[in-house]
Number of protein chains: 2
Amino acid sequence: MKKITIGEAARQSGVKVPTIRYYEGIGLLSAPSRSEGNQRSYEPSDLNRLAFIRHARELGFEIEAIRTLLQLQDDPHQSCASADAIAKARLIEVEQRIRSLNALKAELELMVEGCGHGRVDQCRVIEVLADHGKCAHPHH
Amino acid sequence: MKKITIGEAARQSGVKVPTIRYYEGIGLLSAPSRSEGNQRSYEPSDLNRLAFIRHARELGFEIEAIRTLLQLQDDPHQSCASADAIAKARLIEVEQRIRSLNALKAELELMVEGCGHGRVDQCRVIEVLADHGKCAHPHH
DNA sequence: CTTGCACCTCTAGTCGCTAGAGGATGTAGG
DNA sequence: CCTACATCCTCTAGCGACTAGAGGTGCAAG
């Protein structure tokens, strides 16, 4: 029941102060009550919401997806099909990103290995960049 | 020796017309000569530069890194140590990103598997988001 | 009472483009 | 030669998700 300043909320949630204000501005967080001197004063329950948002952001969910997920959380009688769909879509995104990054990794490794540490005209890094055809896996 | 319009350059390089103009604006590409009617007219050699930039962007290099790489390419007598360093730094970034995405993937898979497709109050997706402690690998 | 930090609002900047307005040019057909 | 239409030009503003900074107020300790 203790009221919390924005700085304290930031410390406890791991979300930076300006970011908290930003979330309020875009309506992701409802505006808290204010102290006599017009300073934001949060309830402990607001920390849960902040933690939820932070965790979702860490998992790479977009703000709009988080908005939907928060609405679902607020109304526990709804079907969780949308939450499931959002998470699945995110999973597919992540899997694709991993595949593409693995291709990049292979390419970069070849470039770095092939670098004779001499002059630029023998440098495989520059050479490969200049000629996509020299890529081992050209499908990126 | 044939001059090329910006549209043709875009088609041949795979870089979009506004993006080519953007690259010129930020000084990544030098301004080409102009036709009588003030339209950009590119040399075939400009296509190589565009392809270089496009390839480097596909590999995730930042504009500033590409600026450096292009300078190195322009002066082939320089040591390629900087090119090597840039590529290595990018490789490390990519490796870290892959690791972190793999952790995310595991988390998302658990969330999606655990979803009983019922109501939100039994939904593991929402539950895990609300409580980071329920993560299998909490170090993301 | 003063120091100094934390808070307030507001605007503008970041990155790498992308979209759109409003107008000029170039080309192909009639 | 005229018209239609695609392509080009410049310029400004917008995207997402913040971050930085200016300029001012609140508050707690010494």
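The values are calculated or read from the model by the stated rules, or taken from the named source; none is laboratory data. This structure is a prediction, so every number in the text was calculated from the model and none was measured. For neighbour counting, all protein chains shown are included, and Cβ atoms are generated from backbone atoms with ideal geometry for every residue, glycine included. For accessibility, only protein heavy atoms count, side chains too; no ligands or nucleic acids. Shrake-Rupley method; radii C 1.70, N 1.55, O 1.52, S 1.80 Å.
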Query raised in the report: Among the residues of the stretch B:26-54 satisfying the criterion of being loosely packed, with under 12 Cβ neighbours inside 10 Å and either within 14 Å of chain A (Cβ to nearest Cβ) or closer than 21 Å to B:A83 by Cβ (or both), which is nearest to DNA strand D (Cβ to nearest atom)?
Result: B:I26
Query raised in the report: Restricting attention to the stretch B:104-126, and to residues there that are more than 7 Å from chain A (Cβ to nearest Cβ) and buried (at least 17 other Cβ atoms within 10 Å of the Cβ), which single residue is nearest to the chain's Cα centre (by Cα)?
Result: B:L110
Requested in this report: Filter the stretch A:11-25 for residues that are within 14 Å of chain B (Cβ to nearest Cβ) and either near DNA strand C (Cβ under 8 Å from one of its atoms) or on the phi > 0 side of the Ramachandran plot (or both) and give the result.
Outcome: A:G14
Query raised in the report: helices (runs of 4 or more DSSP H) wholly in the stretch B:1-78 with at least 1 residues that are in contact (Cβ under 8 Å) with a residue 12 or more places away in the chain and of a type in the set (S, T, N, Q) - which ones?
Result: B:6-13, B:63-74
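For (1) hydroxyl-bearing (S, T, Y); (2) over 30 Å from B:R57 (Cβ atoms); (3) more than 16 Å from DNA strand C (Cβ to nearest atom), each residue gets a yes or a no:
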site	(1), (2), (3)
A:P32	no, yes, no
A:R40	no, yes, no
A:A51	no, yes, yes
A:F61	no, no, yes
A:S82	yes, yes, yes
A:A85	no, yes, yes
A:V94	no, no, yes
A:S100	yes, no, no
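Residue-by-condition table, conditions (1) touching a helix residue (DSSP H, G or I) at 6+ places or on another chain (Cβ under 6 Å); (2) at pLDDT 90 or above; (3) outside the structural domain of A:V128 (by TED's automatic domain parsing):
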position: A:L29; (1), (2), (3): yes, yes, yes
position: A:Q39; (1), (2), (3): no, yes, yes
position: A:E64; (1), (2), (3): no, yes, yes
position: A:N102; (1), (2), (3): no, yes, no
position: A:K105; (1), (2), (3): yes, yes, no
position: A:H117; (1), (2), (3): no, no, no
Query - Subset of the stretch B:127-137 that is part of a helix (DSSP H, G or I), more than 7 Å from every other protein chain (Cβ to nearest Cβ) and in contact with a helix residue (DSSP H, G or I) (Cβ under 8 Å, 6 or more places away or on another chain) - its residue that is nearest to A:Q78 (Cα to Cα) - result: B:E127
**Report entry** Residues (in contact with a helix residue (DSSP H, G or I) (Cβ under 7 Å, 6 or more places away or on another chain) and open to solvent by 50 Å² or more (accessible area, probe 1.4 Å)) located in the stretch A:3-25
**Finding:** A:Q12, A:K16
Report summary line: Scanning the stretch A:106-127 for residues that are touching a Lys or Arg at 6+ places or on another chain (Cβ under 8 Å) and of a type in the set (V, I, T) gives A:V112
Query raised in the report: Which condition does B:I92 not pass, out of (1) surrounded by fewer than 17 Cβ atoms within 10 Å (Cβ to Cβ); (2) assigned to a helix (DSSP H, G or I); (3) in contact (Cβ under 8 Å) with a residue 24 or more places away in the chain, if it passes all the others?
Result: (3)
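Would you call A:E8 within 12 Å of DNA strand C (Cβ to nearest atom) and of a type in the set (D, E)?
Numbers: within 12 Å of DNA strand C (Cβ to nearest atom): yes; of a type in the set (D, E): yes.
It is true that A:E8 is within 12 Å of DNA strand C (Cβ to nearest atom) and of a type in the set (D, E).
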Report summary line: A:S79 meets each of (1) at the interface with chain B (Cβ under 8 Å from one of its Cβ atoms); (2) surrounded by 14 or more Cβ atoms within 10 Å (Cβ to Cβ); (3) farther than 15 Å from B:L129 by Cα with one exception, condition (2)
